[in-house]
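A quick write-up on the structure given underneath.
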There are 2 protein chains.
Amino acid sequence: MARPAQFERDDVLEKAMQAFWDQGYNATSMASLVDATSLKPGSIYAAFGSKEGLFLAALDHYAQQSVARIKRALADADTPLQGIRGFFLSMGREAAGEHAGRSCLLVNTVLEISRQNEMVQKRVNRHLADIEALFLHALKTAQANGELLPDKDPKALAAFLMTSIWGLRVLGGTKPAPARTKAVAKQLLTLLD
Amino acid sequence: MARPAQFERDDVLEKAMQAFWDQGYNATSMASLVDATSLKPGSIYAAFGSKEGLFLAALDHYAQQSVARIKRALADADTPLQGIRGFFLSMGREAAGEHAGRSCLLVNTVLEISRQNEMVQKRVNRHLADIEALFLHALKTAQANGELLPDKDPKALAAFLMTSIWGLRVLGGTKPAPARTKAVAKQLLTLLD
DNA sequence: TCTGTAATTGAACGATCGCTCAACTATTGT
DNA sequence: ACAATAGTTGAGCGATCGTTCAATTACAGA
């Protein structure tokens, strides 16, 4: 062994993630990442290899938080469907909030760089699939419990819910009125009835 | 008068639009715009003032085509609701197609630069509002004709349809299977019944 | 207390960024 | 034919981009 690292990896990833989330991948320069993380360029490159490497690590960090948040929302509710409803209503509220313009790092990544970078594309698609699996599981459980009507298709509904999240994220980027985001969230949730 | 311009403005805007659409705003350099348009830097700056000016003009060009396309889809159908249904089903097909990864220039712009550029934000929001107005008009007509149930809220539905378009555009960026995009489009259209 | 190893530092690299401008060319009105 | 005017050209500006690296510093094991 030798000299140990002087930074906490998770601290650095959190700060880098915020920078990429705020500004987007291309608009976030190494100089601004140096500012945000308080690391020197050499340290960043020693730890993450490249700007892309740091971004991928920050993306994983983001996805981990997203998955945890959705798991919590589903687990805290009385029933699976109520968990889903609660999550989308809070997403609707969030989409009208102050920080809504940042959208979601995964969605931003799909549209900004996924197309030109196969590695990023596979990573972000995997994270999105993980999230969809949470909803699919909740929907299947709801159907088994009789909470969701038997004629509904959980797979199709899960795909629809993911698409709805993405739509709400873009909606948040248009500086919408709270009533507007709430109305959209309510509309889409009627598909669960 | 003096020497007339040697390029067609619409040709240049079409080519610039394609470049921005393919690569995103930040990833599209002036050098690549020079390549795409076959103009020299000086001519671009004389005609559009800046990269941002060219982008705004290209954005207007894109929006004009989008509005025209939706108007046509609505006008060609037998009824307003059939027009909407047809448009979303074709969007679903498109989202699984080869060029789906480019998403939509307006959506890309909301997420990539709208937040950091107020002028761009206002412009893209205006274009999106124009599109929403087309759907709102079709929904109101449908309700007046009895095609849409009287208890439906056309404004809320129009907002939902816009959000659905955005979701489908992101979906297209995830390289989805055709069956997946079709299922999502069908799901969201059931809200019109 | 040394020695080996790994992390830190910050100046600086070549490449590319958005953009400018003086020289040049083509077209107009007289 | 001749100014006057406006579009075209492309070399090249200063700034910033992502990245590298030799020198330095701090800690673990013997």
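Read-outs throughout are calculated quantities, based only on the coordinates presented, and are distinct from any laboratory measurement. Keep in mind that what you see is a predicted model, and the values were worked out from it rather than measured. With ideal geometry, Cβ positions are generated from the backbone for all residues, glycine too; neighbour counts draw on all protein chains shown.
Decide, for segment B:56-192, between rounded, prolate and oblate: order the square roots of the alpha carbon gyration tensor eigenvalues as a ≥ b ≥ c, take rounded if a/c falls under 1.5, and otherwise choose prolate if a/b is larger than b/c, else oblate.
Note, shape of segment B:56-192 comes out oblate.
Determine by what factor the alpha-carbon radius of gyration of segment B:1-93 differs from 2.2 N^0.38 Å, reporting the quotient.
Computed over Cα atoms of segment B:1-93, the ratio equals 1.39.
Could you pull out the GluC sites (Glu not before Pro) across segment A:47-124 that fall in loop regions by DSSP (anything but H, G, I, E, B) with no more than 15 other Cβ atoms inside 10 Å?
A:GLU98
Which Cα, out of A:PRO154, A:ALA138, A:SER90, lies furthest along the positive dipole direction of segment A:56-192 (beta carbon charges, K/R +1, D/E -1)?
Highest projection toward the positive end goes to A:SER90.
For segment B:148-178 and segment B:76-106, what is the centre-to-centre distance using only Cα atoms, to the nearest Å?
With segment B:148-178 and segment B:76-106 each reduced to a Cα centre, they are spaced 10 Å.
Efficiency by 1/(1 + (r/R0)^6): what FRET value for A:ASP76 and A:LYS140, r their Cβ-Cβ distance, R0 = 25 Å, to the nearest 0.05?
Once the sixth-power term is evaluated, E becomes 0.85.
Efficiency by 1/(1 + (r/R0)^6): what FRET value for A:ASP60 and A:GLU98, r their Cβ-Cβ distance, R0 = 30 Å, to the nearest 0.05?
Calculated value: 0.70.
Any idea what the B:MET30 label distances to the other copies are, label 7 Å down the Cα→Cβ vector, nm, shortest first?
Counterpart label points of B:MET30 in the remaining copies fall at 2.3 nm.
With axes computed from alpha carbons, what is the tilt in degrees of helix B:51-76 against the longest principal axis of chain B, rounded to the nearest 10 within 0 to 90?
The angle comes out near 30 degrees.
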